[in-house]
Amino acid sequence: MTTEEFIKIMDSGAEVTAKNPVHLHMTYLSNEAMKITSRLNNAYHTPEEIAALMEKLTGRPFPEGAYMFPPFYTDCGKNLKLGKDVFINSGCQFQDQGGITIGDGTLVGPKTVIATLNHQQNPSKRANLIPKPVTIGKNVWIGANVTILPGVTIGDGAIIAAGAVVNRDVEKNTIAGGVPAKFIKKIDTEE
């Protein structure tokens, strides 16, 4: 199985049965990601070196103006799409097999967790995986220690308060917070 075939299957949202070829390729990609993130996280790197390691991790060019403070953790990397001028603060953990897209100008607070995989509730099928993408719009501000769960879309300009657990979509230009995250208020975009 190629990585392109793997991404296509994961992007389809189809359930992945434990120990099938897709699941085995995911394990291969996880091991590759561990090698790269180990290098990223265990020494000082210039911004150019961080960009080069992220390009190797994602298989895509590191976007113009994007920046990251390691450590950074992922168990795939190949289904992570970053926009221009994205900032990822330290200690973030992205489970991107199901697809993570982060729009231009978004700020991701420290220790943010983004998950894109779920499991079956039935114990006999618990090891099966259900991928669902996370899409974060442009100019979003995600506070520290936020958890974003599979299938969530966060609209452009939204703010996610520190410590929130986001389990449903967040409208553009709104503030959401809490556990689970709820609408707090609309952001005044008039100047």
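Go through the residues of segment 113-128 one by one and say whether even a single one is more than 27 Å from VAL16 (Cβ to Cβ) and among the charged types (D, E, K, R). Among the residues of segment 113-128, not one is more than 27 Å from VAL16 (Cβ to Cβ) and among the charged types (D, E, K, R), which makes the answer no. With respect to the conditions (1) surrounded by fewer than 23 Cβ atoms within 10 Å (Cβ to Cβ); (2) not in a loop (DSSP other than H, G, I, E, B), PHE94 falls short on a single one, namely (1).
From the list PRO123, PRO133, pick out the single residue that is more than 15 Å from ASN89 (Cβ to Cβ), in contact (Cβ under 8 Å) with a residue 60 or more places away in the chain and either of a type in the set (Phe, Trp, Tyr) or open to solvent by 40 Å² or more (accessible area, probe 1.4 Å) (or both). Spell out how you get there, then give the answer.
Values: PRO123 fails: in contact (Cβ under 8 Å) with a residue 60 or more places away in the chain.
Testing whether each residue is more than 15 Å from ASN89 (Cβ to Cβ), in contact (Cβ under 8 Å) with a residue 60 or more places away in the chain and either of a type in the set (Phe, Trp, Tyr) or open to solvent by 40 Å² or more (accessible area, probe 1.4 Å) (or both) leaves just PRO133.
Can you say whether PRO150 is assigned to a loop (DSSP other than H, G, I, E, B), in contact (Cβ under 8 Å) with a residue 12 or more places away in the chain and surrounded by fewer than 19 Cβ atoms within 10 Å (Cβ to Cβ), as far as the supplied structure shows? Break it down into steps so the answer makes sense when it comes.
Values: assigned to a loop (DSSP other than H, G, I, E, B): yes; in contact (Cβ under 8 Å) with a residue 12 or more places away in the chain: yes; surrounded by fewer than 19 Cβ atoms within 10 Å (Cβ to Cβ): no.
Judged against the criteria, PRO150 is not a match.
Taking segment 6-51 as the range and being buried (at least 16 other Cβ atoms within 10 Å of the Cβ), closer than 25 Å to GLY83 by Cα and aliphatic (A, V, I, L, M) as the test, the residues that pass are ILE7, ILE9, MET10, MET26, LEU29, ALA33, ILE36, LEU40, ILE50, ALA51.
The values are calculated or read from the model by the stated rules, or taken from the named source; none is laboratory data. Everything numeric here is computed off the predicted structure, so don't read it as measured data. All Cβ positions, even for glycine, are placed from backbone atoms using ideal geometry, and neighbour counts span all protein chains on display. The protein model used for the area step is the full one, side chains on, heavy atoms only, and it has no ligands, DNA or RNA in it. Shrake-Rupley method; radii C 1.70, N 1.55, O 1.52, S 1.80 Å.
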